[in-house]
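Notes follow the structure.
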Amino acid sequence: MPMIKVHKETCKGCELCIHACPQEILVMSKVLNKKGYFYAMVEDPGRCIGCAMCALTCPDVAIEVGVQGTRYVLYEY
Amino acid sequence: MIETIFSRPESLREVSTHYCPGCTHGITHRLIAEVLDELGLRERTVGVAPVGCAVLAYNYFNCDFAEAAHGRAPAMATGIKRCRPNLIVFTYQGDGDLASIGTAEIFHAANRGEKFTVIFVNNAIYGMTGGQMAPTTMPNQKATTCPFGRDVETAGYPVRVCEVLSKITTPSYIARVTAAVPKEIPRAKDALRKAFQYQAENRCFSLVEFVSTCPTNWGMNPLKACEWAVSDMMPYYPLGEFKTPDDPLPAGLNLIEGDE
Amino acid sequence: MARVLMKGNEAIGEAAIRAGCRFFFGYPITPQSEVPEYLAKRFPEVDGHFIQAESEVAASNMIYGAACSGTRVLTTSSSPGISLMSEAISYCAGTEVPVVFVNIVRAGPGLGGILPSQGDYWQATRGMGHGDFRILVLAPNCVQEAADLIMLAFDLADKYTNPVMILGDGIIGQMMEPVEFGEMVDPETLPEKPWALTGAKGREPNILTSLFLDPNVLEALNQRLLAKYRQMEAVEKRWETYNISDNMDLAVYAWGTMSRIGKTAIDELKERGIEIGLFRPITLYPYPYEAAGEVASKAKKLISIELSTGQMIDDVRLAAPGREVNFFGRQGGIVPTPEDVRDEFLKLIES
Ligand SMILES: Cc1ncc(C[n+]2csc(CCOP(=O)(O)OP(=O)(O)O)c2C)c(N)n1
Ligand code: SF4
């Protein structure tokens, strides 16, 4: 099962990952992080396919992706 | 066991950048760092930072770095690379830096076939100084020094760096990519990989232009900025490879034989 | 090595090689083009590299980069070219990297002319670029000294990690004189520069920058630079005196080429029983104020002779506060004869 981890204090709340995710499983937090940004969160981890598109588009390297077993590769990176 | 398939590359320091939220500078930095990691070049790489939003790039990369004067990064890189040809040298420059004040330096570095790599961030505006017109600003695009939009009658048309540099006879690798579209990011990385690979093989000058965004000075949210880069910039700045070192030399070159 | 007859500009090139310099980045300009021409020919014999840049702006930023890589490097130019290099010189001073610049001064302002001048004295000693910095300025008056000072310049640049400028003029550059060079320095044996950009293998990355956005950090740099300049002022002053005695009718202040003309005039007047001494600063910055002042105290009258409208005279005044300092100079590339200078001395002594 794939697993993504958003480092909430690194996130600047740009929302690019939200739109990059083909599964639309990321949402913005309702509370601010220490920098003063709403940060990205995984709402529905069970539907993550491990394509890493969110991490690819993150300008701040705030997202780590891990997989166990199968993952979908949308683009060879 | 969980296998990490995506994390911070070693060539990027564990620090937060000063770039605005959603600015593609950050993606571009990461791609360079990933390529340096993959090719195992970090320990012999020297970066040259520009004057522009990326002026503090040296705080983000985990390799030796110099900070150049505005537009002069290619000259500085020439000095470093010629003195230490075993180093991998790259410059990282904005459009004001590279295509305005530093036009002579980039043109002649390419023409001499300097064996270093240029990462050119084209965001159609002067970011750092607060949104003035750049040589790459689109026709009718508003900027603080062209509040009614770029007037091509007085400012000319935007400069297309890849198109110009690829016309130079000296072999080089010239490509335009973008990090503003998720599916283009892997392709951008491919181009960077090639650029650094060509340098590592001591083959040619290489330049990768990134069609980039400046949400802050464009006055758009990051997603809208990415969409604008696609709708308004890319038709004029098409992506692709413009020149590779394998291209044949133009016909009619009468090479003068040297004395044996 | 035996003495050889050489043009000043060629001797500058050869001396740079002897000092362990293997890289030259430059742009042609009269009257210094013989330096790049000499090096372009000579470098291949010593595995050196000559690169003709697209402009002085580029050339100077190339040597800035070269210096950052820890390599001994120089460029040479003449007045209009040096103006274009002022950007990089300021950056080199701010980043604290060692570089050697040679200015074979020609007459100005603007495009001016190609004949000899000393009109860049102020630029070199006071305003070689934006910001609060100083560069060491060395002024030879013959081909031998030009060669010696080039070798010294590289050592001083390394010692202070600061730009050093050789200020000459077209006469020094063009004239042929016998010269004997110092021992060849092997670049491989020069001391390591741990701050240089060589790739961060097994160490933390080195960063060379002149950007310090925190005013406290920048002020600390300014203070560190100041301490460095004070150190230069304490130990690097160099000068020559000629025919100094306790009761001189006149003390002459001159640098570079003008000092030679002054000496000829002094010799001639000595035969007539007129006692004139000459003070020649070899370091224009740091200026040897104390030594210059001591000479002034032994003379009834003072004069500064220059190929300009009067620039070094400011420093003579600083060296001899309260004293009247007279001036004689020609401009536009006109070099006065010893007779012109002699007559000027006589006029002043008799007035
Ligand atoms: C000689 C000089 N002129 C002007 C400036 C001011 N300046 C700093 S950054 C900049 C524009 C940078 O724009 P660009 O290269 O497009 O980079 P961006 O900030 O958009 O990434 C200017 C004009 C300077 N630092 N030095
Ligand atoms: S000003 Fe523009 S280019 Fe600069 S960091 Fe912000 S968004 Fe990026």
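The values are calculated or read from the model by the stated rules, or taken from the named source; none is laboratory data. These numbers come from a predicted model, not from an experiment. So basically every Cβ, Gly included, is an ideal-geometry build from the backbone, and we count neighbours across all protein chains shown.
The residue that is farthest from the other protein chains (Cβ to nearest Cβ), counting only those in the range A:24-52 that are modelled with pLDDT of 95 or more and touching a Lys or Arg at 6+ places or on another chain (Cβ under 6 Å), is A:Ile25. For the residues C:Gly129, C:Gly113, C:Gly199, the requirement of being under 17 Å from the mean Cα position of the chain (by Cα), at pLDDT 95 or above and in a loop (DSSP other than H, G, I, E, B) singles out C:Gly129.
Residue selection: B:Thr117 satisfies the criterion of being at pLDDT 95 or above, hydroxyl-bearing (Ser, Thr, Tyr) and away from ligand 1 (no atom under 14 Å from the Cβ). Considering only residues in the range B:9-18 that are touching a Lys or Arg at 6+ places or on another chain (Cβ under 8 Å) and in contact (Cβ under 8 Å) with a residue 12 or more places away in the chain, the one that is surrounded by the fewest Cβ atoms within 10 Å (Cβ to Cβ) turns out to be B:Glu10. The single condition among (1) within 16 Å of ligand 1 (Cβ to nearest atom); (2) more than 8 Å from every other protein chain (Cβ to nearest Cβ); (3) of a type in the set (Val, Ile, Thr) that B:Thr24 does not satisfy is (2).
For the structure I just gave you, tell me whether C:Ala234 is surrounded by fewer than 18 Cβ atoms within 10 Å (Cβ to Cβ), over 30 Å from C:Asn61 (Cα atoms) and among the aliphatic types (A, V, I, L, M). In short, yes.
B:Gln93 falls short on exactly one of the conditions (1) facing another protein chain (nearest Cβ under 8 Å); (2) surrounded by 24 or more Cβ atoms within 10 Å (Cβ to Cβ); (3) within 11 Å of ligand 1 (Cβ to nearest atom); (4) closer than 28 Å to C:Trp195 by Cβ, and that condition is (1). Per this entry, A:Glu64 is counted among residues that are modelled with pLDDT of 95 or more and either within 12 Å of chain B (Cβ to nearest Cβ) or over 26 Å from B:Arg13 (Cα atoms) (or both). Scanning the range B:45-68 for residues that are facing chain C (nearest Cβ under 7 Å), surrounded by fewer than 24 Cβ atoms within 10 Å (Cβ to Cβ) and either more than 10 Å from ligand 1 (Cβ to nearest atom) or without any contact (Cβ under 8 Å) to a residue 60 or more places away in the chain (or both) gives B:Tyr58, B:Asn62.
All of B:Glu209, B:Glu241 fail the test of being more than 16 Å from ligand 1 (Cβ to nearest atom), under 16 Å from the mean Cα position of the chain (by Cα) and within 30 Å of B:Lys81 (Cα to Cα), apart from B:Glu241. Just one of the listed residues (A:Lys8, A:Lys12) is away from chain B (no Cβ under 12 Å), under 21 Å from B:Tyr19 (Cβ atoms) and not polar (S, T, N, Q), and it is A:Lys8.
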